[in-house]
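One structure below.
Quick note: the coordinates plus some simple rules give every number you see, no bench work behind them. Everything quoted here is computed from the prediction, not taken from an experiment. Ideal geometry is used to build each Cβ from the backbone, glycine not excepted, and the neighbour counts take in all protein chains shown.
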Amino acid sequence: MPPVRLKALTPVIAIALITLFFWAVDRYDRAALTRFTHPLDRLSPSSLRGQGHGHGNGHGNGNGSGSGSGSGKGKGKGKNRNSDNTGPVQLNFQNLRKLNTPHQLCASARHPHPPHSPPPSLTFSEWLIGKNYTRAYFRPRHVSPDTTFSSMETIDHPVLQPFRPLGRGMRVQLSPPRDPRDPKSDSDSDSDSDSDPDPWPCPHVVDVDVAADHAVDETSNLLFGLATTVDRLRRLLPALLYSYGTSKASLLVLVPSDTKDIEEHEAFFRNAGLDITLQKSPLPFTARYFGLVEGFTDFIRTRRPNTTWVSFVDDDTFFLSLASVAKQLSSFNASERVYIGALSEASWQVDTFGKIGFGGAGVFVSVPLLERLHGAYDTCQSWGEQPGDQKLAQCIDKFGDTPLTLWDTLYQMDMKGDVDGVYESGRQIHSLHHWGSWYKKDVVKMSTVAAAAGRQSILRRFRFDEFTTLDSATGASMRSFWVLTNGYSLVRYTMDARLPSHAVNFNHTEKTWDEDQRGYEKRLGPLRPKDQPGIRKERWMLTDSVVVGDNVHQTYVNNADGVHSVVELVWLGPAGGGGAF
């Protein structure tokens, strides 16, 4: 047998070492993950006592008050008050759908020291991150659909409990909760305190009035039309289902003539919940929008004679409450020629295209006006390539003899960048546009709260937890308060208490987007600056919203200053949901 050369063994040894390295890394990663106990197990009395006192990740303050009890001394050891019950906190998931009040939810936790609410409803990625956490329960009281509210409602009762630190994997840190009146209280806490806070106290119940949804019956005379592709319809399906799916309105969609398997596509969308008809059109895209004039006329004549209103929309036109739109349309005489729409918020767009109903916001036309347009269809269509909404407006101007009726609740949203100011403005908004192109907003996630509180609760503003505190560092008296824009954000404002209460003028829209504000004041009115001297803003943005039984759990997150902070708002829906679905 010939001798084995060392050089020949080198590749074998290298491969073996590399294999051993990756095996060790994989084993290490698995060991790290298995250290995370299930979040419910982490709340067993034995595990709580074993952790002792600890300080959470980061710093945070909360406004409101919390209650709870517990005892134990030392670090790593503790004495359990009820040693006969050391099992983990358990939720009765089978009955969770029936639980509509905090007391029922707290009872379902079966904790040895009631009242405790169940652990937060968080995504796994959120569950893995250490955080400062607090929650509140909102219980909507549904009043008449026609009830109007001010642009910002004030809640006089405490809402948020103090933030509590949660370690990775939802491990409860038993340091005292942070006093909302003292931002530095967490750094001064006594780790050997004789009293541990209750990690999951049952939150306060905040009752708020919300307008019930309008009946969907009046949407049965609405026919919507758009020109797009099947691929875009599939991508935008959740938004389309929210806007139209539970209404009695119909959709007519003109798709390119080379679209294959159109019957199968139509069946898919119908099975998903849309009353939709797909029609092939040989027209180019810009002409296809105005081609809806002919498509509408034929569709009404052959399939939907009860139609009184047609609407030209884009595929990314999002309606927060179609029933509310139908209710407002009912105030018009549909037997007359009527042309309804909204101007762009950007004056430069109006200067370019004219004072027309901009299509992304939604354009509504009565059937008598549609018939007049159909008589001039060939002439208007021959005018060449131009935006469809502009051609529609010019045809109405020349042949329809009908002025534009402006609806300020329809929004074209011709702005780029950070559009928080419009969404947080407290305006009544019936339609939104460009949410997936000019700027990025998950409007479906934003609207999830409708499942518990109804569609008219979306983007409502509430002001609460206003306190005056003494800054221990400067000795200055500071005032702080919170503003919730439902489904969008939570903002905490802090300022010198000597500033007037109207230092932040919430009647003016905050200018947060990129373009020059002078081009937007005509449509939006006076604007206030994004940053004001002496006023600090901390914004928690909605990152997730899930339906659990009849309730909706919203997660708002702030990652400023290297701290991960989470506020969970639970909307307690009535049995069967909030009426939106």
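Structure notes:
- Other residues within the sphere of radius under 12 Å centred on the Cβ of Tyr137, judged by their own Cβ, net out at 0 (K and R +1, D and E -1).
- Annotation: amide H-H contacts under 5 Å for Thr509 (H modelled 1.01 Å from N, sequence separation of 5 or more, or interchain): Arg528.
- Counting neighbouring beta carbons within 10 Å and listing from fewest to most, the residues Tyr411, Tyr439, Tyr556 come out as Tyr439, Tyr556, Tyr411.
- Size of the range 216-412 as Cα extents on the principal axes (Å, biggest first): 41, 35, 34
- For the residue pairs Lys391/Lys441; Lys416/Lys530; Lys280/Lys398; Lys355/Lys391, the alpha carbons lie more than 23 Å apart in Lys391/Lys441; Lys280/Lys398.
- In the range 306-456, the DSSP beta bridges split such that about 70 percent are antiparallel, to the nearest 5.
- Charged-residue dipole, Cβ positions (Lys, Arg, Asp, Glu), the range 444-581 about Cα centre, Debye nearest 20: 460
- Take each peptide in 382-388, 539-545, 330-336, count the other Cβ atoms within 10 Å of every residue, and average; sorted highest first, the result is 539-545, 382-388, 330-336.
- Available extension along the chain between Arg427 and Thr123 is 106.3 nm, counting 0.36 nm per residue and deducting the alpha carbon span.
- Cβ crowding within 10 Å, taken as a proxy for footprinting-reagent exposure, orders Lys445, Lys355, Lys391 from fewest neighbours to most as Lys355, Lys445, Lys391.
- The simple spin-label model puts a point 7 Å past each Cα toward its Cβ; for Ala503 and Glu466 those points are separated by 1.3 nm.
- Full extension of the chain segment joining Asp209 with Glu153 gains 19.2 nm, where the gain is 0.36 nm per residue of separation less the Cα-Cα distance.
- Estimated FRET transfer efficiency when R0 is 22 angstrom, pair Glu371-Thr405 (beta carbons, to 0.05): 0.75
- Under Stokes-Einstein, with the Kirkwood radius over Cα pairs as Rh, the value for the range 439-581 at 10 °C and 1.306 mPa s is 93 µm²/s.
- Rounded to the nearest 20 debye, the dipole magnitude of the range 518-560 is 460 debye, with +1 charges on Lys and Arg beta carbons, -1 on Asp and Glu beta carbons, and the Cα centre as origin.
- Environment charge of Gln381, counting only residues whose C-beta is closer than 10 Å and scoring Lys/Arg +1, Asp/Glu -1: -1
- Residue order, fewest to most beta carbons within 10 Å, for Val159, Val557, Val546: Val546, Val557, Val159
- The gain in end-to-end length when the Trp348 to Ile13 segment is fully stretched comes to 113.6 nm, 0.36 nm per residue minus the alpha carbon separation.
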